[in-house]
Structure formats: C-alpha cells, structure tokens
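K.L.:
First the structure, which I've put down as structure tokens, then a few questions once you've had a look.
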C-alpha cells in the first residue's frame, strides 16, 4: 500500500508541475502587458521597461520559469500588480471564507443527499422514491447562480421588503468573532450549495445502494435474521460508500480552489471571487497563485481519497500485509 | 416421525415488467424432523424462489397457501417475528459462498453478527462460539482465521464458513440452496459429507435444493421433483431415482450422462420448459412428455403408491422409454498414427509483477488423433482452458511446441494465421457470453464467411440458413437477436458458427456445463451426430467426469498445469492410476442402481385424487422397471 | 457456472418465449410509455423552435436583440420595465426586449451545448476505445492523461484561459470540450476493458477477425447505450458550463445575448431585486432546458437498458 500511496504522490507532483507550466505559459504568451497594467495608461516607455526589468520579464522564458518555480518553492508568490500586497497574504486571507463555505455546505449536502438516496433505494418505485428522484433531477438541472439569485430574492429581499429580516444580504463574519453570526451569514450560501450538490449525492447513493441491495450477501444478511435497519446501514451502505468517498474528495478538492459562482452571487470574499476579480484586472500573479492553490487542494484531496479508498476495501488493505 | 415444515398449497407470484411470473404453483410437501429432504429441478422450476419466499427473501413476491413451521405459519408472520425465525430456527446456505459473504467484513465478524442478532451474549462469548464453530466445520487454525476476510479463503473453505454460520444458533432446519454447485467436484463431495455430519451432530433437518440428480441421490432421504413451478413427484430418494413414476423424472434420468452407458446416445427430453408467465392448463410437462394423453390437458391427480411415492400424473403405468436416436455411422475412424495435433513439452508461464512467474502449463505433451474425441478433465484453475487456447494457437507458449497437421502454430505469418483460424474452431462454455448480444443471429453465424471473405449477400444467407438447419435451429429465426433464444439454442448457434468453415478440429470448452440436464443431452447428441456426419475431431474440455466419460474416446486428466493421466475412457474410468483421478472419480456422481421395483398404486383418498379411480377402481400393481 | 438465474425476473425472461421484436422499436415503445420522457422531448423541440424563430420574433415585435428602447423600455428613473403588452417579458437595464434576447440566447445555449457535447463525446469515444483496446503503454499514457485533466481545477483554469485569450464563442466551446471528454472516455474505457474479455470477442478472434473488425463489429455496437445516454446527459452540463462562463463575463461577449450574460446583467448591482423578470425569465428557460435534457437522458437510459429498470425504477 505504501507503494500505491507513493505512486499517487508522484502523480500529484506531476499534476502540479504541469499545472504550473500551463499557467506560466498562458501568461507568457498573453498579449497583454503587465507593465502597462501596473504603470497605467499614461506611463512612459522607460518606466515600463524599468518595470519589465524589475519583474524579470525581459529575460528568456526558461529562466523566467526557473525563477518562478524557485520563488514558488520558497513560498514567494510575488506581489499583486494591483494592490501591491504579497500574493500569498492576499490569497491566504480569503481561504477561511471558502473553507467555511465548503465544509459547512458539505455537512448540509451529505445530510440531505445521502438519506434521500438511501430512502429511494430501499423502496424503488414508491412515492418516496419518485419524490427523491424528482428532487435529484431538479437539483442537478438547477444552475447554481440561478438558484442563488432566487434564494436571495425570495428569502432575503421579499421578506426584508415586507418588514422582517430572515437573512442578512451578504458578507462574511469570521467564526472567531461570532459563531452565530458566522453561521447566520453563511446559511443561505450553504443551502444553495447543498441543494445543488445534494442532488448529485442522492442519485449516486441511490444507484450504489440499489446495486448493493441486489447482492447475494444482502440476502445472506436477511437470512441471518439481521434487522432491516442494520442490513441497510451496516451491510449495504458500507459497500456503497467507496464511490461516495471518491465523489466527496473530488468535490471538496475542486471547491476549495474557489466556489466561484456562489461567492459571486452572495458577495462572499473568498478565493473564488478573488480569482474573478484578479482575472478581470489582469492581475497575473494572483491568478497564477489561485490556480496553483486549486491544484494543490485537488491533489491533496485525491491523495486522501485514495488512501481512504484503500482503507475501506478489505481486499486492498489485506493485499498489503 | 414429526413434521417440522409443512408446506400446503404454496403459490408464489412475482410481478415483473413482462407480466406476472407464476414461479410456484400450488406446491405442497412436508419435511420430517431429522431427515435430509431434497428438491430437484431444472432452471425455471421455481425451486429456489419457493424456499426463498418461505423465508420472505423474495422482494415483491405475492404468496398464498401456508407454510407451517412449529405451529406457526411463516407466510403470515409479522416481519419482526419472521426475522427472529430466520437465522435462529431456520438458516440458509446459498450457492455462491464468495458473493454470499460480505466482502468487507471478516468471517468472524459475520458469524458473531448472526449470534448477536438473536441472543444477548458478550462479544467475547460470541467470538468463542464462532471460533468453536469454525473449528467444527474443520477450518484449520480457526482462531487465526476468525479475522480473515472471505476473499482470503478458497471456495470450499468459504462454504464451510457459510455452514458454520448457518449452524451457529443450532437451527432446527437448514435450507441449502445449491450449496455445492459453484464448487469443484472433489470439494463438492467434501461439503456434502460435512453437511451430512453436521446433520447427525447437531440433529438438524436439511432441506437441500439442487439441479443435480447425482448430488441429491448421494445424500437425500426423500426427494421432490419440480418442473415448471409445480411438484411432479415426491418420494423416498431411492424409489424416485431408481424407479421414477413420473415421465419427467424418467426423462431427466435418461438424459443424465452419469446414468447411461458410455457410447450409447442419451435420450433427451425434446422441447423447452413452459413459460411461467402463462403456465399451461393441465400438466406442465404435457408438451414434452412421451406418454402424453388427451386427458393431460386437465389438471393431473396426485397418485399415491404404497412405497410412499406421490406422483402428479394421469399415467398409471410405468413411463415408456423412448428409443434412443439412431446415429449415422462415423465417417472417420480414429487411428493411433494419425495425429492432427501434437503438443510437445508445452510450458506456459505468465510473468507476475513481483516474484516468480505463474506457471499455468507445465511440460504438457499430448496428441489429438484425427476423428477422435479427446476429453480434457480437471478442476477450475488446472490450466485446461489455457491448454485449449494454446492448441488453437490463440496464446503463445513460453516453451515447447504445438503442431497442427504437422506444422507449428507459433510465429505464423498472416496467411498461415488465417488458415489456422479456418481449420480450428472453438465452442465456448457460456452461451450467453459467447454471442454478441447486439448482433443478429444471421450475422453471428455468417461471421466466418465475412471474415474470410468467402461468401456474401444472398449466398452467405443461404449458407447460414443451411447451418441453422444442420444444428436444429429454425432458419426463419435468421434475424433474431441472441437474447431471443434459450440457452440450449444459443449453444447451437455457437456450434453452427464453429462449423461454418468446415473445420478439422473443434475445441469444445465446457460446451454443456451451463445448460440444464435435459438440454445438455440434446446438445451432446447433436455434437455426436455432427462428428459422425462431418468427420470432425473434438477436443472436449469439461470439469464433469461423467459427461467426459460419456462422449470421449480418450481422456486426459489435468491437475496443476500438468497432465497426470492419459488413457482410453475405459482405462481411466475403470482403472485409474493416479490418486487425483481416483479422487475425481469418487466425487463424480455414483451410478444409480436401476433394478425394477414392485410398487402398488393406492386408491385415491380425499378430493385430491378424485379422478384417479376413473379407469381402475381396484388397486393396481405397477411394475416399475427400466 | 451459474445454473440458477440470479433474479426472479431473469428466471421469468429465461423461461419466456420472446417474440421477435426489433430493439429499436422496443426502445421507442418504452420511451413513449414514459410521460416524463415525452414531456422533455416536447420541451426540447419547443425550445429549438423558439431559437430558430428568433429572427421572426424580432421582426414580429419590431425589437432587435441589441436594440435599446430608452424611452419605452425604461422608467424615468432608468429602471427596466416589467412584462407589458409592448415588452411581453419586460426589458433589461438598457431597455432591451428580454423576449427577443431570450430567443437569440437560446441559439447560443443550444449551439454550445449540443456542439460541445458532440465534439467532447467523439473525443471521449476515440480516446476511451483506443485506451481500453490497446492496453499496455498506450493505455497507461492515455488514462494518466485522463486523470490529469480530471485533477485540474477546471473552472479556475477556464477563467484563467479565457481571461488571457479573450472571451469568444469558439473558445467557450473549446474550453467546455477540453474539460468534458474525460468522463465519457473513462466510461468507454471501462466498458471496452470489460468487453475485451467477453467470450464473444475471443470467439471473433478465434475466427480470425482483425482488430479493426473486432473493434467496429463486436465492441462498438455494445457501447451505443452508454454513448447515447452519456452524450445526452453531457448537453445540459455543457449548457450550464457556458451559462456560467457568460455569467462570469467570460463567455459570449456582450451585447450578443446569451442566457448566461442576461443573468449576469440581472445580477449586476443586484438589479434583479427590483426587476425579477430579468432573473426569472432566462433562469427559468435555462432550468427548463437542462431539466428536459436530464429527464430525456434518464428516460433513454431506462428505455435502452431495461435491466436497470427492472432493478430500479419499476421493480
């Protein structure tokens, strides 16, 4: 199993390397001139040349890349062209918002999606199943930003106009400042995220559970006199879990790099909204940093998934002994 | 004798997309305490659905009738009450022990779970009991194996674990659903012996289901024969198996290879089982019965004989024995000096990622003589299929040579390869897997013509229809998909495809093991007839020694990648030299003695046999003979 | 060596005389028996008709898709007007007719959704079959490539890419294709790997069939079901992807209407809080279209793969 994990780590490093080449190349070939962005429209040619030289943009591509990676490995992501703040500081300040959004949302989507999927699979064809499937297909079809805007309109704007406030409009309150405010401000984004994602989990859970419930060992468990709850959760759900864990890992990994749409709609200043701003402003170092950070999250979560997967499967686990 | 399980008029209907499947139709029987009760039937006879629905294990099934077990009707118990019966008073053992055990939990955990589902015992006590049980079903080093997962056991050991689990609460009844079908024959025998021992040791009653008459004749006290969801015959095992009173039982025995003289053609039951969606009025076996009379369109009475046999049939005499089919004389006589295939010191090893390469074939030498049928027998994983593929030239050997008609089959150029592909053909085991489900039968059988560019258009179609005729398929079904044929018909399609190019050697890889006994006989007879007419040479691979002895001239026994014994069928069967061959033989189904039996038909009692006295009021002596 | 059919349903079909029915007709009958599939098929056809009629609608209303009606389409305070006889579905922040823009936007959504899905599925099928069928080093390289593409934070990369190269319709399609083909490729590869070891492939090989013949005659026909279902389900995903890019200002360049940038207009300055139709109309259309494709995909899967039905939906 150690071999397996080592090979996964090597693959993760490869992913990050290629990703860094990708973003680097992307900006290297970019027609826009960073010096112009930093110095503004009225800058003289000399000033811009000066800036280019300071940034090392006049050196050959490989050298630039080497410097870039060298700095990267020392944790130096450069300075934002726009705010002149260190990029690392800028990005790190946004991570708590995104993490709060993702992990809070995860609790909701798991709590909504998995029970719906299990209930559907236990009584396929029943009214409960049809409801669950309907929920799932609507959720999967709902574009996140439409749902978010509708939620804001119906749950924030309409009540506020009618004189009672259910939810705050937007913004983020740090957890350490006030846990209650934190949760209250995040509740609508959480629910929006959760409804869309829960649909995926409900479908996945249902499909997996249906397959597992048709297995011979489920019949054995029933023949043993194990009660139905235990059959469902201890026997069937145990086997249905690995694909769910995989999906969860993929989702978390992708989302930690920025829940772009939800952050945009709810005005949360997370990594994703930083990315959108940076892209709009052509703030190259920030974009590079966020893409790489996203890559790191994906690689780490894949690693966690692979390890969990191996631990969940007795066949993989025992093969290592 | 007290009755432990009393099934009265049980009917099971299962709604499906195509309509309601009447899987079990008004079946009654009772199992006495302490006996070994066998239920035999082919696929679609409803035997499995019947026992599983008794236990409430068939989702969506609608049941009627009653199943009395210790004065309770299992069919009308509340779910929670039924649950407390399951596993504690009645436990079940299933066909495939690998898929029937949860792959993600240790076997110990699974046994402990069953104990704790019904009794309040400490984890420690439960574990001690589980280890003791594993020990009693003779799993070596039981305490250490407690923490092993199912995939770490062999097939036979897994079934022992299932039996240990089934016995864990000392149930009154064990229902074993094809418990040995997925196992090798030598392991099969061990498991049957174990079941027998456990029955005497624990005083448990056993209800065992099997498609295999040979297996049941070995262990059962009483046997019930099912067909088309109905009970055909019920009685003491030796009475039913030695002197069948129902034409179906008689037909089943006639089509079993273990029960016939080698070399004589089998007498198959023609036709196909009835649809369970629309079961026929009257007798379900009517359409295939050689004794069918006009009265058979009405529901047959249950006749009682003085030896306890009960038969649902209008027939009052011994079932007739149809003449075996007459086969043409062979067009090619095998001789010792005309080898079509010569295998010399063949070795095949697959490299493994770590450690030693896995040796699949080890120094194999043999020859296949033109015109003969050479049997290749061995248990799963012995290398017999790999050897066949090597002979066909589909896998390259690591060392040694295979010569076909004097020319080596390795390192062929394109033309030689295509030529070899015409002269050697394969028929596969799985009639479901070997035909592409998305292509029409005409295109499947016509494939050889297309691939070798030998015929196209109307000519190809005509040739394909000739082939279909040859193997006994209706040529009008040219445009159907494989899923629209039964298992036996599909195997005929595979045979037709193999014969398209007039091959010299046909390799038959377990051609009948996925088929029901009565269908097996049809296919075996077809193969025999084709060989005689077309002068084919067969390499017949099987795990079933009885079938091999029946069809083969010579037999090669394989074990662990080697040929351990090679001789004529008679030599191997009557005078085995190797211990492994002896074990195989011992495990093969025993021959059933077929002495004539005296038995008397009893007068009808009650309403069940109201019509029985229509022809003969007085007792009728029936001599049952074969 | 399974003697017993696994399920009662299998036992039933094994013992049933099956009539000679074409599989295509069977699929159609099953599909037409499912009201959700019919409804979604009708909805899709209506939206296609709506998109095709966009110029007619523009002519009928007399409003061009980018024409601004600052007099009639905006209140004196500069707020869009709601649905009224002149503007059936209201106007946007520049006084443009939402109905006309919706029709032109439908063209974009359908074009991007269908085109991107088809291209991605062709690439996915090609890579998946080559990978599964070749095995060895080719398979390793290709499946690693799939892993690689799948472990990229795609939305971040997409916006970085678009920000550098500048938004355009073709770039949107390219980006969607690039991040969508892997799913189908994986499914196909898995299926091919499984099919490769089926006996009928071995049978074809033993008859002397060439690799191309095996590929096209024996393996591909068995992939039709996953391909149709997966491609159908890819369309709504691509539509939402495009709308998301446009929503973030990285898709279709304004003033060309697309549902995504119409919604972006609505979100801009939270305008939709006073002009609900700006979000409800394009949002509803988007939802209807994706829902219809998802329902159709599900219906197709059930109709093409009856085994899944008897196991699931209608057991």
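The values are calculated or read from the model by the stated rules, or taken from the named source; none is laboratory data. This is a predicted model, so every value here is computed, not measured. Positions of Cβ are generated from backbone atoms using ideal geometry, with glycine treated the same way; all protein chains shown enter the neighbour counts.
K.L.:
Does residue A:262 count as farther than 20 Å from residue B:151 by Cα, surrounded by fewer than 21 Cβ atoms within 10 Å (Cβ to Cβ) and assigned by TED's automatic domain parsing to the domain that holds residue A:150?
P.N.:
Details: farther than 20 Å from residue B:151 by Cα: yes; surrounded by fewer than 21 Cβ atoms within 10 Å (Cβ to Cβ): no; assigned by TED's automatic domain parsing to the domain that holds residue A:150: yes.
So residue A:262 fails the test.
K.L.:
Follow-up question, since we're still on this one. State all residues of the stretch A:101-147 that are part of a helix (DSSP H, G or I), facing another protein chain (nearest Cβ under 9 Å) and under 26 Å from residue A:273 (Cβ atoms); if no residue qualifies, say none.
P.N.:
Selection gives A:140, A:141, A:144, A:145, A:146, A:147.
K.L.:
Let me ask something additional. What single numbered condition from (1) within 13 Å of chain C (Cβ to nearest Cβ); (2) in contact (Cβ under 8 Å) with a residue 40 or more places away in the chain; (3) surrounded by fewer than 16 Cβ atoms within 10 Å (Cβ to Cβ) fails to hold for residue B:401?
P.N.:
(1)
K.L.:
Please indicate, with yes or no, whether at least one residue in the stretch C:297-315 is modelled with pLDDT of 90 or more, within 13 Å of the chain's Cα centre (by Cα), within 11 Å of chain A (Cβ to nearest Cβ) and surrounded by 20 or more Cβ atoms within 10 Å (Cβ to Cβ).
P.N.:
Going through the stretch C:297-315, the residues modelled with pLDDT of 90 or more turn out to be none.
No, every residue in the stretch C:297-315 fails to be modelled with pLDDT of 90 or more, within 13 Å of the chain's Cα centre (by Cα), within 11 Å of chain A (Cβ to nearest Cβ) and surrounded by 20 or more Cβ atoms within 10 Å (Cβ to Cβ).
K.L.:
Which of the residues that make up the stretch B:331-352 are part of a loop (DSSP other than H, G, I, E, B) and either loosely packed, with under 14 Cβ neighbours inside 10 Å or free of Cβ contacts under 8 Å to residues at least 12 places away in the same chain (or both)?
P.N.:
Just the residues of the stretch B:331-352 that are part of a loop (DSSP other than H, G, I, E, B), to begin with: B:331-338, B:351-352.
Hits for the stretch B:331-352 are B:331, B:333, B:335, B:336, B:337, B:351, B:352.
K.L.:
I'd like to know if the stretch C:235-242 contains one or more residues that are in contact (Cβ under 8 Å) with a residue 12 or more places away in the chain, surrounded by fewer than 23 Cβ atoms within 10 Å (Cβ to Cβ) and more than 14 Å from chain B (Cβ to nearest Cβ). Step through it out loud before you land on a result.
P.N.:
Filtering the stretch C:235-242 for residues in contact (Cβ under 8 Å) with a residue 12 or more places away in the chain gives C:235-242.
If we keep only those that are surrounded by fewer than 23 Cβ atoms within 10 Å (Cβ to Cβ) as well, we get C:237.
So of that shortlist, the ones also more than 14 Å from chain B (Cβ to nearest Cβ) come out as C:237.
Yes, there is a match, as at least one residue in the stretch C:235-242 is in contact (Cβ under 8 Å) with a residue 12 or more places away in the chain, surrounded by fewer than 23 Cβ atoms within 10 Å (Cβ to Cβ) and more than 14 Å from chain B (Cβ to nearest Cβ).
K.L.:
Take the residues in the stretch B:501-521 that are farther than 18 Å from residue B:543 by Cβ and assigned to a loop (DSSP other than H, G, I, E, B), then tell me which one is nearest to the other protein chains (Cβ to nearest Cβ).
P.N.:
B:501
K.L.:
Now for a different question. Taking the stated definitions as given, is residue C:203 in contact with a strand residue (DSSP E or B) (Cβ under 9 Å, 6 or more places away or on another chain), within 7 Å of another protein chain (Cβ to nearest Cβ) and either modelled with pLDDT of 90 or more or crowded, with 22+ Cβ neighbours inside 10 Å (or both)? Reasoning before the result, please.
P.N.:
Numbers: in contact with a strand residue (DSSP E or B) (Cβ under 9 Å, 6 or more places away or on another chain): yes; within 7 Å of another protein chain (Cβ to nearest Cβ): yes; either modelled with pLDDT of 90 or more or crowded, with 22+ Cβ neighbours inside 10 Å (or both): yes.
So residue C:203 fits the description; yes.
K.L.:
Return yes when residue B:412 is within 13 Å of chain C (Cβ to nearest Cβ), outside any helix (DSSP H, G or I) and in contact (Cβ under 8 Å) with a residue 24 or more places away in the chain and no when it is not.
P.N.:
Numbers: within 13 Å of chain C (Cβ to nearest Cβ): yes; outside any helix (DSSP H, G or I): yes; in contact (Cβ under 8 Å) with a residue 24 or more places away in the chain: no.
For residue B:412, the condition - within 13 Å of chain C (Cβ to nearest Cβ), outside any helix (DSSP H, G or I) and in contact (Cβ under 8 Å) with a residue 24 or more places away in the chain - is not met.
K.L.:
Now a separate question. Checking residue B:95 against (1) modelled with pLDDT under 90; (2) surrounded by fewer than 16 Cβ atoms within 10 Å (Cβ to Cβ); (3) within 14 Å of another protein chain (Cβ to nearest Cβ): exactly one of these is not met. Which one?
P.N.:
Condition (2) is where residue B:95 drops out.
K.L.:
Taking the conditions exactly as written (out of contact with any strand residue (DSSP E or B) (no Cβ under 7 Å at 6 or more places or on another chain), at pLDDT 90 or above and either within 14 Å of another protein chain (Cβ to nearest Cβ) or in a helix (DSSP H, G or I) (or both)), does residue B:467 satisfy them or not? Give the steps one after another, and end with the answer.
P.N.:
Numbers: out of contact with any strand residue (DSSP E or B) (no Cβ under 7 Å at 6 or more places or on another chain): yes; at pLDDT 90 or above: yes; either within 14 Å of another protein chain (Cβ to nearest Cβ) or in a helix (DSSP H, G or I) (or both): yes.
Considered against the rule, which asks whether it is out of contact with any strand residue (DSSP E or B) (no Cβ under 7 Å at 6 or more places or on another chain), at pLDDT 90 or above and either within 14 Å of another protein chain (Cβ to nearest Cβ) or in a helix (DSSP H, G or I) (or both), residue B:467 comes out as yes.
K.L.:
What number of residues within the stretch B:373-398 satisfy the criterion of being under 21 Å from residue B:557 (Cα atoms) and surrounded by fewer than 16 Cβ atoms within 10 Å (Cβ to Cβ)?
P.N.:
Looking only at that region, the number is 2.
K.L.:
Let me ask something else. Counting only residues that are farther than 10 Å from residue B:161 by Cα and not in a helix (DSSP H, G or I), which one in the stretch B:115-145 is nearest to the other protein chains (Cβ to nearest Cβ)?
P.N.:
Ranking the candidates gives B:119 first.
K.L.:
What residue, of A:93, A:84, is surrounded by fewer than 20 Cβ atoms within 10 Å (Cβ to Cβ) and outside any helix (DSSP H, G or I)?
P.N.:
A:84
K.L.:
Next question. Taking the condition of being more than 10 Å from chain C (Cβ to nearest Cβ) and within 21 Å of residue C:289 (Cβ to Cβ), how many residues in the stretch A:148-168 meet it? I'd like the intermediate steps shown before the answer.
P.N.:
First, the residues of the stretch A:148-168 that are more than 10 Å from chain C (Cβ to nearest Cβ): A:151, A:155, A:159, A:162-168.
Still in the running and within 21 Å of residue C:289 (Cβ to Cβ): A:151.
Number of matching residues: 1.
K.L.:
Moving on to the next point. Could you please give the count of residues in the stretch B:4-33 that are in contact (Cβ under 8 Å) with a residue 40 or more places away in the chain and within 29 Å of residue B:256 (Cβ to Cβ)?
P.N.:
15
K.L.:
Is it the case that residue B:461 is outside any loop (DSSP other than H, G, I, E, B), away from chain C (no Cβ under 11 Å) and either under 25 Å from residue C:215 (Cβ atoms) or touching a helix residue (DSSP H, G or I) at 6+ places or on another chain (Cβ under 7 Å) (or both)? Outline the logic, then answer.
P.N.:
Values: outside any loop (DSSP other than H, G, I, E, B): yes; away from chain C (no Cβ under 11 Å): yes; either under 25 Å from residue C:215 (Cβ atoms) or touching a helix residue (DSSP H, G or I) at 6+ places or on another chain (Cβ under 7 Å) (or both): yes.
Against the criterion (outside any loop (DSSP other than H, G, I, E, B), away from chain C (no Cβ under 11 Å) and either under 25 Å from residue C:215 (Cβ atoms) or touching a helix residue (DSSP H, G or I) at 6+ places or on another chain (Cβ under 7 Å) (or both)), residue B:461 qualifies.
K.L.:
Now for a different question. Among what's in the stretch B:98-114 and is outside any helix (DSSP H, G or I) and facing chain A (nearest Cβ under 7 Å), pick the residue that is surrounded by the fewest Cβ atoms within 10 Å (Cβ to Cβ).
P.N.:
Taking the candidates together, the pick is B:103.
K.L.:
Which residues, taken from the stretch B:484-500, are part of a loop (DSSP other than H, G, I, E, B) and either buried (at least 22 other Cβ atoms within 10 Å of the Cβ) or modelled with pLDDT of 90 or more (or both)?
P.N.:
Step one: of the stretch B:484-500, the residues part of a loop (DSSP other than H, G, I, E, B) are B:485-486, B:500.
The one that is part of a loop (DSSP other than H, G, I, E, B) and either buried (at least 22 other Cβ atoms within 10 Å of the Cβ) or modelled with pLDDT of 90 or more (or both): B:500.
K.L.:
Oh, and also: Which ones in the stretch A:248-288 are more than 12 Å from the chain's Cα centre (by Cα) and closer than 16 Å to residue C:161 by Cβ?
P.N.:
Our first condition is that a residue be more than 12 Å from the chain's Cα centre (by Cα); within the stretch A:248-288, this holds for A:264-269, A:273-288.
Of everything in the stretch A:248-288, those that are more than 12 Å from the chain's Cα centre (by Cα) and closer than 16 Å to residue C:161 by Cβ turn out to be A:275, A:276, A:278, A:279, A:280, A:282, A:283, A:284, A:286, A:287, A:288.
K.L.:
Still on this structure, please answer the following. For residues that are modelled with pLDDT of 85 or more and not in a strand (DSSP E or B), scanning just the stretch B:353-372, find the one that is surrounded by the fewest Cβ atoms within 10 Å (Cβ to Cβ).
P.N.:
Applying the filter and picking the extreme gives B:370.
K.L.:
Here is a follow-up. Out of all the residues in the stretch B:503-526, which are farther than 23 Å from residue C:208 by Cα and surrounded by fewer than 22 Cβ atoms within 10 Å (Cβ to Cβ)? Steps first, please.
P.N.:
Step one: of the stretch B:503-526, the residues farther than 23 Å from residue C:208 by Cα are B:512-526.
Within the stretch B:503-526, B:513, B:525, B:526 meet the criteria.
K.L.:
Please work out which one of (1) in a helix (DSSP H, G or I); (2) over 16 Å from the mean Cα position of the chain (by Cα); (3) closer than 27 Å to residue C:251 by Cβ; (4) touching a residue at least 40 places away in the same chain (Cβ under 8 Å) is the condition residue A:307 fails and give its number.
P.N.:
(3)
K.L.:
Would you check which residues across the stretch C:138-178 are under 22 Å from residue C:244 (Cβ atoms), assigned to a helix (DSSP H, G or I) and more than 11 Å from chain A (Cβ to nearest Cβ) and list them?
P.N.:
C:169, C:170, C:171, C:172, C:173, C:174, C:175, C:176, C:177, C:178
K.L.:
Still on this structure, I have one more. Check residue B:546 against each of (1) surrounded by 24 or more Cβ atoms within 10 Å (Cβ to Cβ); (2) touching a helix residue (DSSP H, G or I) at 6+ places or on another chain (Cβ under 6 Å) and name the one condition it does not meet.
P.N.:
Tallying (1) surrounded by 24 or more Cβ atoms within 10 Å (Cβ to Cβ); (2) touching a helix residue (DSSP H, G or I) at 6+ places or on another chain (Cβ under 6 Å), residue B:546 fails exactly one: (1).
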